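What follows is one structure encoded as structure tokens, with my remarks underneath.
Derivation of every value follows stated rules applied to the coordinates shown; laboratory data play no part. Predicted model only: the values in this text are computed from it and were never measured. As a convention, Cβ positions derive from the backbone with ideal geometry for all residues, glycine included, and neighbour counts pool all protein chains shown.
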Number of protein chains: 2
Amino acid sequence: MSLVTLRTITELRARVGEARGAGAVIGAVPTMGALHAGHGSLIERARAECGCVVVTVFVNPTQFNEPADYTKYPRTLEADLAFCEPRGVDIVFAPSEAEMYSAGAQTFVNVGEVAEFMEGQFRPGHFRGVATVVAKLLHVVAPDRAYFGEKDAQQLAVIRRMVADLNFPVEIVEVATVREPDGLALSSRNARLSPDQRRQAVALYQVLLAARSRILDGERVAGELKHLAAEVIARYPAVRLEYFEVADPIRMAPVENITGPVRLAGAIRLGDVRLIDNLLASG
Amino acid sequence: MSLVTLRTITELRARVGEARGAGAVIGAVPTMGALHAGHGSLIERARAECGCVVVTVFVNPTQFNEPADYTKYPRTLEADLAFCEPRGVDIVFAPSEAEMYSAGAQTFVNVGEVAEFMEGQFRPGHFRGVATVVAKLLHVVAPDRAYFGEKDAQQLAVIRRMVADLNFPVEIVEVATVREPDGLALSSRNARLSPDQRRQAVALYQVLLAARSRILDGERVAGELKHLAAEVIARYPAVRLEYFEVADPIRMAPVENITGPVRLAGAIRLGDVRLIDNLLASG
């Protein structure tokens with residue numbers, strides 16, 4: 001089956017229904033487009049595990065807390081289709097905003113504590129928008145498995161929590177972060193960096209590596225790691241650290257003392273571009 | 001196939017999956033048990049339209065705003081099973097609270113304006129609990145059709161809104177209210193009325209009938225109908241009117257002037273029993 005691009009929920013359901021009727025396991029890869037090798041890794045995993053792979057491409061307005069970030073988010077559907085085709089994707093679902101949100105829509109999925117800190121704190125409403133659009137996409141595609149990247153670790157925790165709490169009949173699959181040779185996590189927003197910003201963007205990964213290394217050396221106090229993060233960031237004049245946090249890897253709530261596995265996570269700003277990254281570390 | 005009672009989500013999914021695999025349309029009738037002829041009407045409709053009928057019996061704690069109402073809500077599972085069996089129900093799903101809500105559950109579905117007025121105003125958090133448990137049951141049963149009673153008209157509007165906004169792949173079917181000979185709408189809570197309260201409980205239906213009649217006579221001002229409601233209720237000393245409202249039948253927001261179809265809806269209290277009822281009227 002060659003790649004088919006669908007714009008409407010009705011068409012998508014019909015096509016996925018055919019595949020399901022033929023016995024295929026359905027795999028969904030929800031994206032906002034501007035596909036890169038990180039998405040490629042999700043697609044590759046879905047392709048290996050599912051008979052029918054659906055990539056959704058939808059820049060979801062309700063998860064953007066900053067209008068400019070929404071406006072400037074790269075939209076590259078032609079390139080995205082060219083990216084999907086050789087990777088064996090069966091269906092690209094690229095709905096319009098009107099197809100996804102009807103007038104008068106007023107329902108939101110709210111996840112609790114797991115959405116409160118870090119990204120939840122600095123991007124008010126973000127995870128409400130994420131949980132809601134993922135709930136919608138899971139209902140529209142009705143996949144057996146859905147693939148998400150570890151790069152958005154808190155998003156993954158939010159989605160896992162929502163799926164468990166609301167009994168969605170889907171398996172959530174986590175796929176490891178893909179990085180540039182210097183360690184920068186792939187992100188569609190990287191395309192907006194100037195050459196100098198691009199060189200300095202590795203700062204966040206350097207913070208995470210330094211913190212993980214310090215934990216391996218025996219540090220157990222999160223506050224000490226925050227001092228370290230500030231020191232590392234100071235070497236990158238184009239970079240502002242929005243937060244660096246040491247969090248419980250399931251609850252995504254900050255911890256003060258490291259007594260087990262933790263998620264090291266942070267956000268930086270370079271000009272008007274905001275980037276996030278994270279690493280798992282074990283105390 | 002004779003009636004089977006299931007307690008766990010895993011067993012239910014397996015059984016429903018078999019029926020779906022055999023080509024059956026799946027019909028769900030979500031209830032809180034204490035089944036009466038109103039539920040019987042839902043079951044009858046589901047039985048006529050579906051190859052596999054699943055009645056869920058779960059007194060959902062998250063939709064009770066008053067602890068006493070939750071504690072005193074009738075629980076009559078044996079009688080409910082005896083009610084379902086001769087009506088051709090295939091599966092009764094009667095999960096425990098622990099089966100439905102795991103420790104740490106923190107996700108809620110919030111519907112907006114449609115859940116704000118009337119029951120939403122007098123029962124804070126009620127519709128959040130309803131929307132959340134219905135979302136869960138729809139994910140657990142995965143029915144093609146789900147049946148709800150017109151008696152809980154605002155609940156129906158909330159569920160319709162949620163299903164549309166979140167793209168649930170289910171058809172919501174509305175079934176007309178079933179009434180006692182004197183007009184009292186059937187409700188599991190009627191069992192808690194004393195003989196005198198039972199006689200006076202018809203007050204709310206009398207309010208609704210009087211208001212509808214006044215609209216047929218040409219009244220277009222909601223405020224006038226509210227005066228009328230107070231007058232009618234005054235004839236029933238055991239009854240306190242909590243609210244009487246004239247609402248848009250889709251948005252469920254109060255209207256001041258009647259220019260088309262409206263939902264007349266109210267709630268009364270008799271001692272510690274609270275009853276609701278409604279009628280559609282056309283201006």
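Computed values, structure above
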item: Inter-chain shielding of A:134-142 (mean C-beta neighbours from other protein chains, 10 Å cut-off); result: 4
item: Shielding by partners, peptide B:101-107 (average Cβ within 10 angstrom, other chains); result: 6
item: Within chain A, percent of DSSP bridges classed antiparallel, to nearest 5; result: 50 percent
item: Against the rule of thumb 2.2 N^0.38 Å, how large the Cα Rg of segment A:4-175 comes out; result: 0.98
item: log10 of Debye I(q)/I(0), alpha-carbon scatterers only, for segment B:188-282 at 0.11, 0.16, 0.19 Å⁻¹; result: -0.30, -0.61, -0.82
item: With eigenvalues of the C-alpha gyration tensor scaled by 5 and rooted, the protein assembly as shown, Å; result: 49, 27, 23
item: Shortest-first nm distances, A:T76 label point to equivalent points in other copies (7 Å, Cα→Cβ); result: 6.5
item: Mean Cβ neighbour count within 10 Å, used as a protection proxy, ranking B:69-79, B:223-233 highest first; result: B:223-233, B:69-79
item: Point-charge dipole on Cβ atoms (K/R +1, D/E -1) for segment B:188-282, about Cα centre, debye to 20; result: 360 debye
item: Which of A:L225, A:Q197, A:V239, positive extreme of dipole for segment A:182-246 (C-beta unit charges); result: A:Q197
item: Segment B:106-257: antiparallel DSSP beta bridges as a percent of all, rounded to 5; result: 40 percent
item: Listed peptides A:14-26, A:41-53, A:100-112 by packing density, highest first (mean Cβ within 10 Å); result: A:41-53, A:100-112, A:14-26
item: Selected from B:G125, B:I215, B:V4, residue furthest toward positive end of dipole (chain B; charges at beta carbon); result: B:V4
